[in-house]
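A.B. asks: Before we start, here is the structure in question, set down as structure tokens.
The values are calculated or read from the model by the stated rules, or taken from the named source; none is laboratory data. Note that this is a predicted model, so its numbers are computed, not measured. Neighbour counts are summed over all protein chains in view; Cβ atoms, including those assigned to glycine, are modelled from backbone coordinates with ideal geometry. Just the protein is used for accessible areas: all its heavy atoms, side chains included, with ligands, DNA and RNA removed. Shrake-Rupley method; radii C 1.70, N 1.55, O 1.52, S 1.80 Å.
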Amino acid sequence: MLWRDYFERLRNGLPTSTVERYRGSLAGWDCRQVRMAVELVSFGDLPPADLAALNAISTRLRPTPEQVDGTIAAGREAVRVTRACVRRSAGRKNAPES
């Protein structure tokens, strides 16, 4: 399926109340009217000094061992809490923790 077909189907499926909320009214609404432009934005178009300054910025993360451990622990806790929430919402309060 082409991207245009996808967006047309998506727009066709929007309830009129949602369209009104997004646009303010239904006036002129045509779900088949899909236009998209793709542009390439590049720091390479900046002056050389600006480009050099941006390229000098480190983008590599360098967490400490404590930060790594804290992130792992937080991820485990997030999974645990999410599983508990899913069990409650599904009515399986006594399901075993995994």
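A.B. asks: Give the number of residues within the stretch 1-16 that are in a helix (DSSP H, G or I) and either touching an Asp or Glu at 6+ places or on another chain (Cβ under 8 Å) or open to solvent by 80 Å² or more (accessible area, probe 1.4 Å) (or both).
C.D. replies: 7
A.B. asks: In the stretch 37-64, how many are part of a loop (DSSP other than H, G, I, E, B) and either exposed (fewer than 10 other Cβ atoms within 10 Å of the Cβ) or among the small types (Gly, Ala, Ser) (or both)?
C.D. replies: Count: 15.
A.B. asks: Select, from Val34, Val81, Val86, Val19, the only residue that is without any contact (Cβ under 8 Å) to a residue 40 or more places away in the chain, assigned to a loop (DSSP other than H, G, I, E, B) and within 24 Å of the chain's Cα centre (by Cα).
C.D. replies: The match here is Val34.
A.B. asks: Against the condition at pLDDT 90 or above and either surrounded by fewer than 10 Cβ atoms within 10 Å (Cβ to Cβ) or of a type in the set (A, V, I, L, M, F, W, C) (or both), how does Val68 come out, does it pass?
C.D. replies: yes
A.B. asks: Turning to a different aspect of this structure: Go through the stretch 22-31 and report how many residues are free of Cβ contacts under 8 Å to residues at least 12 places away in the same chain and surrounded by 11 or more Cβ atoms within 10 Å (Cβ to Cβ).
C.D. replies: Matching residues across the stretch 22-31 total 2.
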